[in-house]
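The numbers here are math on the coordinates, done by the rules we state, and not lab data. What you see is a predicted model; the values in this text were computed from it and never measured. Cβ placement follows ideal geometry from the backbone for every residue including glycine, while neighbour counts extend to all protein chains displayed.
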Amino acid sequence: MTIRTLKSVAALHPGVNDTTGLDTGALLAGLEPFGGDEAERRTVARHARDLDDSGRYAEDADVELTAEHVVVQLADAPSGSPADRWNWWIGSLELAYGGYAEFQIRRLE
C-alpha cells in the first residue's frame, strides 16, 4: 500500500487525521487489511502515536515513523490481527534496541 493510497483511504476516518507527526487516519486505513475491529485498530494507532511522540524509533532506527512505515513493518509479521502484528514488531524492536516494552499492547480497550 502506498502513502498516496493510505492518505486517500484515510478520508474514511474523519476527525482522526493529525496535522503533524504520525497520520492516525492513514494508519487506521492501512490497518484494515489486517482485520480486527475498529477498537483494536484504534488501540494500535494510539500506541503508534505514543511511539512516534517519544521519538525513540526515529532516534534508534534513523527512520521517520509514518503510517506507511508502520503498515509495511506490520505486513512483515507472520500472521495475526493488528495488535498481534504490532506486538510482534515491538518485540523485534525490544530485542534490537531495548526500551520498547512499554509500547506493547497488553489489553485492548
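Relative to the Cα centre, what is the charge dipole magnitude of region 52-109, using +1 at the beta carbon of each Lys and Arg, -1 at the beta carbon of each Asp and Glu, and rounding to the nearest 20 debye?
So the dipole magnitude of region 52-109 works out to roughly 320 debye.
By how many nm would the segment from TRP88 to ARG107 lengthen if fully extended, with 0.36 nm per residue of separation less the alpha-carbon distance?
Extra length available between TRP88 and ARG107 comes to 5.4 nm.
Given a Förster radius of 35 Å and the C-beta distance between LEU95 and GLU32 as r, what FRET efficiency does 1/(1 + (r/R0)^6) yield to the nearest 0.05?
It comes out at approximately 0.80.
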